Amino acid sequence: MKKIFFSCAASLAMLAFSSCSDDINYETGDGEGRLLVTASLKSDVKTVSRAAVTDDALAAGTTIWISNSKGVVRKFNGIGEVPAEGVWLVSDNYVAQAWAGDSVSASFDKKCYKGIEPFTITKGSTVQVNIECKILNTVVEVSYPENMEEMLTDFTMTVGHTAKDGTLVFNGREDEGRPGYFMMPSFDKNLTCTLAGTAADGSAYTTTKVIENAKPATKYIVKVKAPEQGSTEFGGGLFTIEVDETEIVVEDVVEIVAAPVISALNFDLDQPIVGESGKLTEKKLWIQATSALKSVEITAPFLTEMGMDGNDFEIFGMHETVASQLAALGFRYQHVTHENDAENPEFEEMKLTFSDEFMNAIPKGDHTLTIKVTDAAGRTGMRQLSILLSDAKVRTNALAADAATTWATKATISGTVMQEGLTGLGFNYREKGAQQWTAVAVGESDANGVRRRASMRKAPAVGGSYSAVIEGLKPGTIYEYQAVCEGFEGGVETFTTEPATQLPNAGFEDWNTSSTPYLIGDRSFWDSGNHGSATLSQNVTEPDETIKHGGSRSIKLESKFPNVVGIGKFAAGNVFTGRYLDTNGTDGELGWGRPFTSRPKALKGYVKYTSVEVNCVGNKQNTPQGYQDKGIIYIAMLDGTTVDFTTSKSKERYTEFPVIVQTKEENLFKQDAANVIAFGKQVFDTTPGDGLIEFEIPLDYVRTDIKAAHIMVVASSSEQGDYFIGGKGSTMWLDDLELVY
């Protein structure tokens, strides 16, 4: 067996390199020592998962804390964040902790690991700490006898604890031997295992076994035992469940080595190298690898213009002629191994130096230099240098077509400073096809008095960028813009604003009332809870031609208690963007959200609401009655994340909806969910007058770094209708919804 080993090349730089480099200083400060930290994860049983977390994802998700008696002094979100030279700490006693994976209540593929290791730093010391992380999950597998299908069909094993989302369903043979991972909550240490299926006579069959005080880092094999051969009786407790408890054995182990790391020593690798041809300075790169370096490839289209025989070379395999040409141009490299280091004999590093002479031989233009490094483990690291050489004073930065900073009525444009001592930095912009430019400078307004905000307070250094937000733009329109400074105008770039897309059937004119239940149009955008209430012969959402704002009708949402022969359930009138997927008993399963790529500022429309006292409390026996019901409308913009969901009854699979609502399990929408980029809502008491009144709900964007992919609009005649709480008779009318841009 080998242990899974995550190591960060950048954190393993050893003292030997300091003797041959003038760029890296390992001298300690007063009372300081250096920590080199890695983490190793001990895996568990062999994964039988349809969506196993990749080794790279585990490495990136390993969070490391360094603490002393005063608390946390360092935190690294991923091994790659560990500094190249190690972690410098003052003399003291410390504890290093590492977490990896996902701590979820129950999952077939998400596992959680934790490790802790104390250490001491003394003046001038270099301490290497490996945090061994062990699995925290309780693991469950299920096995069945060979003749199981002769006595029970459609069988499942449901295993779980009482925490939210703490249950997994093992579907028959399909999930036999598949490990399920549980994080046991402090308030429930037991796992309940329920076997369910259909007996030969068609009757339902269940039996239950409880695993008491389930332990972490322990595997439980839940074995179903069938009746003895020849038994004619079926029922009662003939099926038995036995549990084998074993410590987790490491079976599926893969050695993981971090990819080679490429970093800059005297410049910012994430920013372009900008300047005038002939005025650049030396640039140095540092390569580190946890395994022997096998190849270092450098590619740049401009190399032939500098006199090389080709546009790429590989350092270890290049011909002497190529090496001589590079040396003449001012390119140097140093390769350092640590084969005599007992702890890290495979660690290697290399310094690349592009001298002043080399940099100033690069011709004018926009260039990309690519460095690709491969080590003995087959792992590859790659970085690119962007080089912009021009006599221009400023450069107009292009905007990507999907730039999140381009909205329907505003956009952020930027430029790059190419020379020192510039004044009058700003921009010109205009609608494409127009003749007249509009100038944008710090603190100025255009001819229409619209304030333009620029982020630049003083001229940035060469290579620095400056930007401005231009507002009052037309939706769905192409604009041209250019960066400018005193006496110079940069090149022209374009962007297109988002369209001011509106909701289809926003006046709710299109209905299908000949169907059962009533449908809002063809269900391609809007749907309602009618599919559930219609099973009890009522529609809670209907068209209404008596109360309206425009057109011939509005939509009427009425809270009801539909029932047949005394059997029924409270249902709030509702409408939503999405689709009613299935009915589970008397509860709905809904897919919320429709594709939508514009980002509005608000939702407005017309509403009338009449409230009655709450007289239905569902299963919430502690909910007081007698207070006034309230209506609610809310809107959310969501990213491109969707849910893979199979309905409980019809077993249909849906993958296109960003939100799945299951009222039976109280799996409901959460406005702070990770896929929500904007949200707004309004709660209504009884509105004044006999007609509809105007409302407007502003959207609060919690994420502006991403475009929208879905829109969700929901309205309900009872605010707590998801919990089957409300007042029978509370009614909301809606008409003429409009998105404001």
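The values are calculated or read from the model by the stated rules, or taken from the named source; none is laboratory data. Bear in mind the structure is a predicted one, so any value in this text is a computation, not a measurement. Cβ: placed from backbone, ideal geometry, glycine included. Neighbour counts: every protein chain shown. Accessible surface is based on the protein model in full, side chains and every heavy atom, while ligands, DNA and RNA are left aside. Shrake-Rupley method; radii C 1.70, N 1.55, O 1.52, S 1.80 Å.
Structure data summary
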{"item": "Full-extension gain in nm, residue 546 to residue 169, via 0.36 nm per residue minus C-alpha separation", "result": "130.8 nm"}
{"item": "Förster radius 41 Å - calculated FRET efficiency between residue 461 and residue 674 (Cβ-Cβ, nearest 0.05)", "result": "0.65"}
{"item": "Accessible surface of region 500-651 [probe 1.4 Å, protein heavy atoms]: carbon and sulfur percent", "result": "48"}
{"item": "For region 576-689: accessible area per residue (Å², 1.4 Å)", "result": "45"}
{"item": "Simple spin-label estimate for residue 203 and residue 332 in nanometres, 7 Å along Cα-Cβ", "result": "9.0"}
{"item": "Cα-projected label distance for residue 120 with residue 187, points at 7 Å along beta-carbon direction, nm", "result": "4.4"}
{"item": "Under 14 Å, Cβ to Cβ, from residue 559 - net charge with Lys/Arg +1 and Asp/Glu -1", "result": "-1"}
{"item": "Accessible area expressed per residue, region 298-380, with surrounding protein chains retained (probe 1.4 Å, Å²)", "result": "49"}
{"item": "Rounded FRET efficiency, nearest 0.05, which uses the C-beta distance separating residue 63 from residue 364 and R0 of 60 Å", "result": "0.85"}
{"item": "Accessible-area value, residue 75, 1.4 Å probe, nucleic acids and ligands omitted, Å²", "result": "110"}
{"item": "Net +/- balance of residues flanking residue 679 in space, Cβ distance below 14 Å, scoring K and R +1, D and E -1", "result": "+2"}
{"item": "Label-point gap, in nm, between residue 267 and residue 132 - each point 7 angstrom along Cα→Cβ", "result": "4.6"}
{"item": "Estimated FRET transfer efficiency when R0 is 41 angstrom, pair residue 696-residue 402 (beta carbons, to 0.05)", "result": "0.90"}
{"item": "Distance between region 406-429 and region 576-594 - C-alpha centres, whole angstrom", "result": "47"}
{"item": "Stretchable slack from residue 196 to residue 667, in nm (0.36 nm times residue separation minus alpha-carbon distance)", "result": "167.3 nm"}
{"item": "Exceeding the 23 Å Cα-Cα cut-off - candidates 410/601; 70/110; 110/219; 630/707; 474/681; 111/664", "result": "70/110; 630/707; 474/681; 111/664"}
{"item": "Accessible area (Å², per residue) of region 165-204, counting only protein heavy atoms and a probe of 1.4 Å", "result": "45"}
{"item": "Difference of contour (0.36 nm per residue) and Cα-Cα distance, residue 242 to residue 75", "result": "55.7 nm"}
{"item": "Percent carbon-and-sulfur accessible area, region 294-386, ignoring ligands, DNA and RNA, probe 1.4 Å", "result": "45"}
{"item": "Nearby lysines by direct alpha-carbon distance to residue 548 (threshold 17 angstrom, same-chain neighbours under 8 apart not counted)", "result": "556, 604, 608"}
{"item": "Whichever lysines have a C-alpha closer than 26 Å to that of residue 294, once near sequence neighbours (fewer than 8 apart) are set aside", "result": "2, 3, 283, 284, 351, 372"}
